[in-house]
Amino acid sequence: MINKILLQSIINKYYLGINETVKWKISNGELEIRFMTPSQDVIGEIKCFGFPLYDSELAVFDTRKLLNLVSICNGDLLLELENNNGVNTKLKISDSNYNLDYALADPLLVGKVGTVNIPEWDVILKLSSEDVENLIKAKNALTGVDDMLITTDTSLDGEKICKFTFGGTDGHNNKVSYQIMGEINVDNLQLPFNSDTFKNILNFNKDADEGKLYINEMGLMMLEFYNKNLECKYYMYRQAEI
């Protein structure tokens with residue numbers, strides 16, 4: 001059995017509103033889902049421990065439909081698989097009232113996920129729940145603008161800070177900045193990222209007990225989120241220009 005809210009959380013953490021096609025791999029009670037956005041600017045991995053299915057591989061082709069099915073359920077859900085000739089063809093989901101069938105795809109239809117070469121990190125920040133909420137608020141204050149510039153600077157107290165600036169780069173544009181102190185080993189960093197993607201990742205991980213953000217000056221960001229039985233990692237590449 002798995003709680004509906006937990007299952008929705010797992011799915012949304014990789015879906016991000018755009019990642020429809022993935023493989024779920026279950027081994028020794030651990031679910032692993034690796035994914036890559038259609039634009040290939042984000043590669044990620046979700047792990048859930050104590051997942052209630054036997055060792056198997058599930059090809060999910062239309063994640064939105066799966067979320068729609070799960071949304072009508074309530075409470076704890078029973079998950080079962082239907083297998084034909086060694087291939088899982090259906091994910092069966094049931095609660096106290098509903099019995100649902102989700103048709104699984106051919107695993108060959110799921111494309112390969114890229115790999116990431118992990119660099120040395122020049123910026124390491126702890127993300128508190130307050131930081132996550134405030135960054136989301138900063139982005140929401142400027143709807144329709146997908147620019148975000150991450151810079152390193154020094155505060156009035158002489159502390160090294162990492163600043164997140166939402167809004168266009170032109171001087172006359174509206175902007176919102178939010179700063180966080182942390183382990184910062186590079187000066188005058190200036191990296192552009194897509195703020196919509198960044199906000200979506202934060203928004204679907206607001207339930208995390210712990211979060212961290214890492215940046216390499218060559219343009220790679222890693223976001224990590226942890227709670228009791230979930231681990232999430234997102235590798236996000238800088239924009240080509242801003």
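Tell me whether the stretch 14-25 contains one or more residues that are in contact with a Leu (Cβ under 6 Å, 6 or more places away or on another chain), aromatic (Phe, Trp, Tyr) and within 18 Å of residue 108 (Cα to Cα). Give the steps one after another, and end with the answer.
Filtering the stretch 14-25 down to residues in contact with a Leu (Cβ under 6 Å, 6 or more places away or on another chain) leaves 24.
In the following step, the residues that additionally are aromatic (Phe, Trp, Tyr) were identified as 24.
Imposing the further condition that a residue be within 18 Å of residue 108 (Cα to Cα) reduces the set to 24.
The answer is yes; a qualifying residue exists.
The residue that is modelled with the lowest pLDDT, counting only those in the stretch 209-228 that are farther than 14 Å from residue 123 by Cβ and surrounded by fewer than 21 Cβ atoms within 10 Å (Cβ to Cβ), is 228. Just name the residue that is surrounded by the fewest Cβ atoms within 10 Å (Cβ to Cβ) out of those in the stretch 72-95 that are assigned to a loop (DSSP other than H, G, I, E, B) and small (Gly, Ala, Ser). Ranking the candidates gives 86 first. All conditions in (1) touching a residue at least 40 places away in the same chain (Cβ under 8 Å); (2) out of contact with any strand residue (DSSP E or B) (no Cβ under 6 Å at 6 or more places or on another chain) hold for residue 39, with the sole exception of (1).
The set of residues in the stretch 229-242 that are under 19 Å from residue 129 (Cβ atoms) and either out of contact with any strand residue (DSSP E or B) (no Cβ under 7 Å at 6 or more places or on another chain) or surrounded by fewer than 21 Cβ atoms within 10 Å (Cβ to Cβ) (or both) comprises 229, 230, 231, 233.
For the structure I just gave you, tell me whether residue 18 is within 20 Å of the chain's Cα centre (by Cα), within 13 Å of residue 230 (Cα to Cα) and of a type in the set (Val, Ile, Thr). Criteria not met by residue 18.
Exactly one residue out of 47, 4, 13 is over 30 Å from residue 237 (Cβ atoms), under 20 Å from the mean Cα position of the chain (by Cα) and surrounded by 16 or more Cβ atoms within 10 Å (Cβ to Cβ): that is 4. The residue that is farthest from residue 141 (Cα to Cα), among those in the stretch 187-225 that are touching a Pro at 6+ places or on another chain (Cβ under 9 Å) and of a type in the set (A, V, I, L, M), is 218. If the condition is being surrounded by fewer than 14 Cβ atoms within 10 Å (Cβ to Cβ) and assigned to a strand (DSSP E or B), then the stretch 132-176 contributes only 154.
Condition check ((1) in the same structural domain as residue 182 (by TED's automatic domain parsing); (2) among the basic types (Lys, Arg); (3) part of a strand (DSSP E or B)) across all residues:
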position: 20; (1), (2), (3): no, no, no
position: 25; (1), (2), (3): no, yes, yes
position: 38; (1), (2), (3): no, no, no
position: 46; (1), (2), (3): no, no, yes
position: 58; (1), (2), (3): no, no, yes
position: 70; (1), (2), (3): no, no, no
position: 105; (1), (2), (3): no, no, no
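Working carefully through the options 146, 122, 106, find the one that is modelled with pLDDT under 95, out of contact with any Gly (no Cβ under 7 Å at 6 or more places or on another chain) and under 26 Å from residue 186 (Cβ atoms). Steps first, answer last, please.
Details: 122 fails: modelled with pLDDT under 95; 106 fails: under 26 Å from residue 186 (Cβ atoms).
Among 146, 122, 106, only 146 is modelled with pLDDT under 95, out of contact with any Gly (no Cβ under 7 Å at 6 or more places or on another chain) and under 26 Å from residue 186 (Cβ atoms).
Somewhere in the stretch 99-107, is a residue closer than 30 Å to residue 220 by Cβ and within 19 Å of the chain's Cα centre (by Cα)? No - not one qualifying residue is present in the stretch 99-107. Does the stretch 183-200 contain at least one residue that is touching a Gly at 6+ places or on another chain (Cβ under 9 Å), surrounded by 13 or more Cβ atoms within 10 Å (Cβ to Cβ), at negative phi and assigned to a loop (DSSP other than H, G, I, E, B)? Taking every residue of the stretch 183-200 in turn, none turns out to be touching a Gly at 6+ places or on another chain (Cβ under 9 Å), surrounded by 13 or more Cβ atoms within 10 Å (Cβ to Cβ), at negative phi and assigned to a loop (DSSP other than H, G, I, E, B).
The values are calculated or read from the model by the stated rules, or taken from the named source; none is laboratory data. None of the values given here were measured: they were computed from a predicted structure. Because the Cβ atoms are built from the backbone with ideal geometry, glycine has one as well, and the counts that use them run over all protein chains shown.
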